């Protein structure tokens with residue numbers, strides 16, 4: 001027990017040092033992007049959230065995949081989880097318009113049951129798994145309790161989510177439709193759900209913003225991606241200066 005306490009205290013002492021070094025690294029790298037982009041980083045990160053995340057299962061149409069990513073970025077949803085059981089997720093650069101570089105994208109394609117693996121990861125992070133369906137559902141979008149940390153699961157337009165995704169979800173949600181067409185295009189469904197839920201979040205007392213540590217991590221990721229091939233050389237310069 002004393003050894004455990006001592007080790008914990010040591011870790012707690014090093015954490016502020018690590019944070020401050022990462023802050024210094026961000027400030028150093030940010031010198032090499034435009035002032036406008038730096039301001040955008042500071043502004044946009046304030047509107048990012050992980051209270052809602054999106055799961056895309058076997059979305060193979062490139063235009064739909066790309067439009068889903070654009071919607072996540074536009075509505076400030078930072079994380080996207082991509083399940084590749086049968087199909088490879090392949091966004092179209094002309095449609096995605098760079099949105100993917102501002103998102104934290106996690107792919108699940110290494111196991112036999114990628115959907116289950118994704119669900120477990122999200123549950124471990126405290127998310128309620130909510131699968132979307134145009135048919136039988138537990139609640140409508142308007143009825144859903146947005147105060148819960150939520151992972152929205154979307155499937156292909158023709159086939160929808162898999163049976164595993166449906167059966168092992170905590171809840172099934174639908175967008176009410178009143179026309180003759182049975183379902184929305186998948187990218188439209190993502191946009192409608194995200195607009196509704198993020199609007200409700202931003203007008204509530206739910207603590208939806210990122211923590212300071214998360215904001216720093218994401219800004220550092222953004223500036224690194226902005227620098228492209230220059231990043232590695234600039235980071236080497238930074239750490240060489242720190243050692244002097």
Might you check whether a residue that is surrounded by 14 or more Cβ atoms within 10 Å (Cβ to Cβ) and either without any contact (Cβ under 8 Å) to a residue 12 or more places away in the chain or part of a strand (DSSP E or B) (or both) occurs anywhere in the stretch 56-66?
yes
Looking at residue 215 and the list (1) at pLDDT 95 or above; (2) farther than 27 Å from residue 48 by Cα; (3) not assigned by TED's automatic domain parsing to the domain that holds residue 54, which single condition is not satisfied?
(2)
Taking the criterion of being over 30 Å from residue 144 (Cα atoms), part of a helix (DSSP H, G or I) and either touching a strand residue (DSSP E or B) at 6+ places or on another chain (Cβ under 9 Å) or in contact (Cβ under 8 Å) with a residue 12 or more places away in the chain (or both), would at least one residue in the stretch 197-208 satisfy it?
no
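The values are calculated or read from the model by the stated rules, or taken from the named source; none is laboratory data. Worth saying up front: this structure is predicted, and the values here are computed from it rather than measured. Cβ: placed from backbone, ideal geometry, glycine included. Neighbour counts: every protein chain shown.
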